[in-house]
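S.K.: Pasting a structure below so you can have a look.
The values are calculated or read from the model by the stated rules, or taken from the named source; none is laboratory data. As the structure is a computational prediction, the values presented were derived from the model and not from experiment. As a convention, Cβ positions derive from the backbone with ideal geometry for all residues, glycine included, and neighbour counts pool all protein chains shown. The protein model used for the area step is the full one, side chains on, heavy atoms only, and it has no ligands, DNA or RNA in it. Shrake-Rupley method; radii C 1.70, N 1.55, O 1.52, S 1.80 Å.
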Amino acid sequence: MPEWPRRLSEEIRQHLDDEYDALRARGLSHDDAMRRLAGDLDELASMRARRIDAAALDLRYAARTLRKNLGFTLVVMLTLALGIGATTAVFTVVDGVLLRPYAYPDMNRIVTLMETTRRGQIISVAWPNFQDWRAQNEVFEHLGIYRGMVMNLTGGEQPERIVGSLASSEVFKALGLDAIVGRAFTPQEDDPSVPRVAVLSERLWRSHFGGDPAAIGRAITLNDEPYTIVGVMPDGMRFPTRTTDVWLPLGLFVRTFPPDRGAHPGLLAVAKLKPGVSVERASADMDAIARRLEQQNPISNTDHTVLLTPYADEIVQNIRPALVTLACAVAFVLLIVCANLANLMLARADGRHRELAIREALGASRWRIVQQLLTEAVLIAIGGGALGALLAWWAVAMFVASRPTSIPRIDRIAVDGRVLVFTAIVSIATGVAFGLAPALRASSIDLLTSLRDAARGSPGGGRRLRALLVVGEIALALVLLVGAGLTIRSFAALAALDLGFDPARVVTMRVSAPNARYPDPARWIAFHREILARVSGIPGVEAAGLNSATPLEGGGSESEVRYEGQPAPRSVSEEATACLFQATTPEYFRAMGIVFVRGRAFTPHDDAAAAPVAIVEEALARKFFAAADPIGKRIAFEFTGGHSAAARPVWREVVGVVRHVRHYGLVREPDNLEVYVPLEQLPIWFRDRRPTMTLFVRTPLEPQQLAASIRRAVSTVDPQIPVFSVLTMNEYVGQATEQPRLNMALLGAFGALALALASVGIYGVLSYLVGRRTQEIGIRLALGATRADVLRLIVGHGMALAAAGIAIGLFGAWAIARLLGALLYGVSPHDPATFAAIAALVAAVAFAASYLPGRRAARVDPMLALRAE
């Protein structure tokens, strides 16, 4: 068998091999068969050369043609740059957040586990329940448990607050990442007797130890206690949050976890499924374990289930609906761009009928004409794509620099080779999309008809296709505008929500005094009291208070609350009232502008020696006491879900009722009610897990102007306590509305762009129509038609197109609006007012786009029109 030249493709080699075998089978000698095949190869090479020459000729001719029509070329390229640039920018974000591979190997096998209650509330894991999960499950290769925490890092020039985590050794095995220096935790370090060791993130290792491998074995001081560094995890280890910088062995804190199954001390679980085990099977296995635990422990585990979530889904579950919606929106914009440019190319092809007819008369085939016109379209698209890539690079750089907190994996968002390949594919596909129909239409011309139409200035063909393209543009634009209108109304509903406090002119910062530094609760309270005294003395401070939870951010401690005379629930299946328990100081309510409905605020006399008191929100007062006056009534707390005999209730007198304050954001505020107690009257069980306190300062000045003075005041009390998270309450409000505001801005921008393109489409079609029908309009005017008749003719044609597009668009928007449900608040996806307003807006813009060409047509001079060639 002969060996064919390497330059031939496998398909051609196989074809020639088969031909050789067939020739030999017909009796030809080897030399004759080779000569026959050599002739075939020469013919094939000649055909390839002709095709290459034709392609090169098409490119040169297309470049020369586009250069001669520079204005048209620039308009098309800039329009494409907007569409392709927006598409590339959105794809870059979607790719970085949703599509890029994670740093964790076998990411599809990593899941997280939490407990849920009968009310659908997601809660942390009880330590005894986790021990049973670990012993009884048959689906996990590794099952670890962890808890996030914040820590004071001291020993440097300034104390710092860093994010850390308690973690068992199985957490690192489940995630599958190895330390880049040293090691992760061992199973022995899950034991309570473990020495104090720590694993650092690569960021912390490089920033504080210069990336020195000799840091292993050195000490780091966290919460005033020394820990020996045993390992450094790679930068891809962003667990449980992307800002986590240090991990401590869970074993050091095991003794602090309540043995009561009803207590949920902030623990969460992560696991790696065994090979071949699906998420569904693992969920069924954990449900079976939950049912067994419910039978064995009916008081604490009744109606408790296990929520198992793929870790990849958990990371992006809040942002995925918004990104999918934006991807669909930008695809609509690109379709509108293609329709608009197809209309332009059709008009341009009509103007070239004479040229193309002559080329056909000189022997050009239909395919050669299609190839030539497609080459022009793709060449323009490539230029537009290059400009679009530059726009996308700039837009993505600006977006990443803004560091939106609602976007996970933001460090993975970048315009790189992967994105540029996508841009190139989209550019070529777009060129084919808007160039194919005009090319096919232009290639089917008739020589005599084309020359006659050119001479007579008739409207030309393709009017129906151009009309359909405009109708499609209007329909797509209306769908986008309805989505934008719904998000605008949703954002307005969020902005109108009653926060329960006045965020203006309030600056906040956090202070955390660890138990190791202040083991005595009295000293811990005295430290915070001294901070308030120093801060209150700063000029410009109107009021200053401390609270254990920060509005809009979530967090805080949950408890169950009951009123005096209400029997304690015998199991969690009975009604129990959950509340957000907050320790606060007297001036907190004035500093935050929280309104009292009844009663009074705390006073300095509500100290440890005084009778226990509490302030409740009005919804809790209504639930417990109905129409009765709650002032003077008594309530008590206990652990969430816990019924330990050691937790004896302490009855507190209700001295005040305040408005509800939103602590868990704006969009999804849970049903938790709020109870406040004086800082100096903390329950015993709360003192063992003292909270990080937030300082709230109201000032008539610009809030950030006081930040430096407040920091200095805190450092004079204890220079080893860091002050962190310095933000105004307006900034917290901005963070809470960041994602809805981003959705509104992007959908609004895409909708506005789509409407502008659609209006340009209407204007272009009607202007072209007027230009081609100048003689006809002149004849109408000469025969007695008024200028108003001509105006109505042109505007009526445009509004007919708009009406068809609006009808189709309303139907499409109604069909897909429900997909926006996850992004909306306080407005129905099928809100009639929004649909009607958008339809009226599109109709008004369409009328304006139709009126201008109509007015120009009405001003045609009949004599000049009739004399025109």
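S.K.: Going by average Cβ density within 10 Å per residue, which order do the peptides 744-751, 333-340 take, highest to lowest?
M.R.: Highest to lowest by the protection proxy: 333-340, 744-751.
S.K.: Give the cross-link partners of K272 among the lysines, using a straight C-alpha distance below 28 Å as the criterion and excluding same-chain residues fewer than 8 apart.
M.R.: K173
S.K.: Among the GluC sites (Glu not before Pro) within the stretch 155-184, which fall in a DSSP loop and have no more than 10 other Cβ atoms within 10 Å of their own Cβ?
M.R.: Hits after loop and neighbour filter: E157.
S.K.: Tell me, in nm to one decimal, what length is gained between T309 and I631 on full extension, where the rule is 0.36 nm per residue of separation less the Cα-Cα distance?
M.R.: 111.5 nm
S.K.: Using alpha carbons only, how many angstrom separate the centre of the stretch 91-153 from the centre of the stretch 240-257?
M.R.: 14 Å
S.K.: Please compute the per residue accessible area over the stretch 120-302 with all protein chains in place, 1.4 Å probe, rounded to a whole number of Å².
M.R.: Per residue, the stretch 120-302 has an accessible area of 41 Å².
S.K.: Under the 0.36 nm per residue contour assumption, what length would be gained going from the current alpha-carbon distance of E157 and T243 to full extension?
M.R.: Result for the pair: 28.8 nm of gain on full extension.
S.K.: Between the stretch 777-848 and the stretch 456-534, what is the C-alpha centre distance in whole Å?
M.R.: 30 Å
S.K.: Pop out the ³J(HN,Hα) list for the stretch 483-491 in order, Karplus 6.51 cos²θ - 1.76 cosθ + 1.60 with θ = phi - 60°, rounded to Hz; leave Gly and Pro as x.
M.R.: Taking θ as phi minus 60°, the curve returns x, 5, x, 5, 5, 5, 5, 5, 5 Hz for the stretch 483-491.
S.K.: Please turn the phi angles of the stretch 107-118 into ³J(HN,Hα) values with the Karplus equation 6.51 cos²θ - 1.76 cosθ + 1.60 (θ = phi - 60°), one per residue in order, whole Hz, x for glycine and proline.
M.R.: So the Karplus estimates, Gly and Pro as x, are 4, 5, 9, 8, 9, 10, 10, 9, 9, 10, 9, 5 Hz.
S.K.: While we're looking at this one, here's another question. Taking H placed 1.01 Å from N in the peptide plane, check which residues at least 5 places from E558 or on another chain put their amide H under 5 Å from its amide H.
M.R.: The answer is F581.
S.K.: List the residues, sorted by chain then number, that are 5 or more residues from V197 or on another chain and whose placed amide H is less than 5 Å from its amide H.
M.R.: T228
S.K.: Would you please give the residues with an amide H less than 5 Å from that of A184, counting only those at least 5 places away or on a separate chain, with H modeled from the backbone geometry?
M.R.: Distant-sequence amide H within range of A184: A179.
S.K.: Quick one: Karplus J couplings for the stretch 839-855, per residue in order, coefficients 6.51, -1.76, 1.60, θ = phi - 60°, nearest Hz, x for Gly and Pro?
M.R.: With the stated coefficients, the stretch 839-855 comes to 4, 5, 5, 5, 5, 5, 5, 5, 5, 4, 5, 7, 5, 4, x, x, 5 Hz.
S.K.: Jot down the per residue volume, in cubic angstrom and as a whole number, of the convex hull over the alpha-carbon atoms of the stretch 114-178.
M.R.: Value for the stretch 114-178: 137 Å³ per residue.
S.K.: Then there is this: Mind checking the full-extension length gain between L74 and T186? Use 0.36 nm per residue of separation minus the Cα-Cα distance, one decimal, nm.
M.R.: 33.9 nm
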